[in-house]
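The values are calculated or read from the model by the stated rules, or taken from the named source; none is laboratory data. The model shown is predicted, which means the values in this text are computed figures rather than measured ones. Reconstructed Cβ throughout: ideal geometry from the backbone, glycine too, with neighbour counts over all protein chains shown.
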């Protein structure tokens, strides 16, 4: 039975493991300091665990967060070997007995693989490969610790276009080519129609079906289908990049969703590596009509290129500003997410910043004691809130009984008043018929007791909970009050 199944706390689990480690290594240490390297599990920095380590001359160092695949010998060496031997023992069991591995034989199969994998040679190799014994920090290279390109939020200009940007640019290029082709077909069809029946086609049958004019309806249908194909291709391409969240049904954007970096280029890069002969061509003096037309077309193209170049730089500038704006929003969003996370879980992990820690140091030990005091206070406040809710429910039941008694008394008094008023009205009508005035005073409606004040949950939780929990309790109480106050208001 595991420690969690026994109901042990993280502190009890950590103390148990430290007791085992201390007993096993005591003789070999012979009064000297020992080193224990652990990961960031909660049980590894409880006060009971750290106090036992400090009292028994055990130095505890914690691996950096998300780095055990580089620093921990089990991940680097042992687990891969254990996995291999476990699969071999599983296959041996199947061949020899015909039985598959299950709950009844798992411990036997695992024990054999464990014995084969955790040999002194493999254990020493794990310490050596991670640079612990003998100490060798060079085994961890800068490339191993480099940030992931997919998750990096830093951008430096100029940069190459990301895959997502290239996919969208290719999409726009294909759509433009398709639009140009459609316009060309439309022009050809209009020219063909304008020639009329006197066109120079000698034999319509010789042209074949491939030369028949395409109808407008067929052309439009083909264009729509091709456009959908292009769009689908772009969407599928985006799903394979780090911008996949833009092409999926994801509705919530987080600070980890990155914006594609702006790819910039200079005028020289826009021109390309070919020799620019435009300037020399514009200096030519045309001598024929065709040369004049070509020169005019060249000047139009040059003006168009200049306008496109200006527009390109304006788009780059706008994208850079947009990227700066989005970067600011991402930081605000990250701060907001961090604030929300703190509200959800007040007791944050002490080793959650990704840095290695000397857990048995004085500074961290005091932090651990402070966190444990916070956890105890949170547990106490939770009990106070629980007691407050119980007291609130009792008070609410009493209020319901008293309120019902008030309503019943009000109904009885109202009924008696109606009877007295009806008797008085009969006497008044009889006296009126006889031409007399009634001497009895008209009965007055009795004064009813005011409605009792309904208990509120927040009054029973004052000083007994953190802000987030109190807010949640108050919202729950408000819903209950809203559901029950309608009948009370109508009867009051």
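Counting the residues of the range 85-129 that are in contact with a helix residue (DSSP H, G or I) (Cβ under 8 Å, 6 or more places away or on another chain), over 22 Å from residue 139 (Cβ atoms) and assigned to a helix (DSSP H, G or I) gives 12.
All conditions but one from (1) crowded, with 17+ Cβ neighbours inside 10 Å; (2) under 30 Å from residue 368 (Cα atoms) apply to residue 81; the one that does not is (2). Do the conditions hold for residue 458, that is, is it at pLDDT 90 or above, surrounded by 12 or more Cβ atoms within 10 Å (Cβ to Cβ) and within 60 Å of the chain's Cα centre (by Cα)? Criteria not met by residue 458. The single condition among (1) more than 26 Å from residue 371 (Cα to Cα); (2) outside any loop (DSSP other than H, G, I, E, B) that residue 31 does not meet is (2). The C-beta contact set for the range 11-33 (first residue on the phi > 0 side of the Ramachandran plot, second residue at pLDDT below 90 and outside any loop (DSSP other than H, G, I, E, B), distance under 6 angstrom, 6+ apart or interchain) is empty. Given the criteria on the phi < 0 side of the Ramachandran plot and either out of contact with any strand residue (DSSP E or B) (no Cβ under 9 Å at 6 or more places or on another chain) or modelled with pLDDT under 90 (or both), does residue 95 qualify? Yes, satisfied. Could you tell me whether residue 421 is free of Cβ contacts under 8 Å to residues at least 40 places away in the same chain and outside any helix (DSSP H, G or I)? Taking the combined requirement at face value, the residue does not satisfy it.
Filter the range 68-83 for residues that are without any contact (Cβ under 8 Å) to a residue 60 or more places away in the chain and out of contact with any helix residue (DSSP H, G or I) (no Cβ under 8 Å at 6 or more places or on another chain) and give the result. Selection gives 72, 79, 80, 83. Filtered by the rule that a residue be buried (at least 16 other Cβ atoms within 10 Å of the Cβ) and closer than 30 Å to residue 47 by Cβ, the range 385-405 gives 385, 388. Being over 21 Å from residue 115 (Cα atoms), surrounded by 16 or more Cβ atoms within 10 Å (Cβ to Cβ) and assigned by TED's automatic domain parsing to the domain that holds residue 105: is that true of residue 73 here? In short, no.
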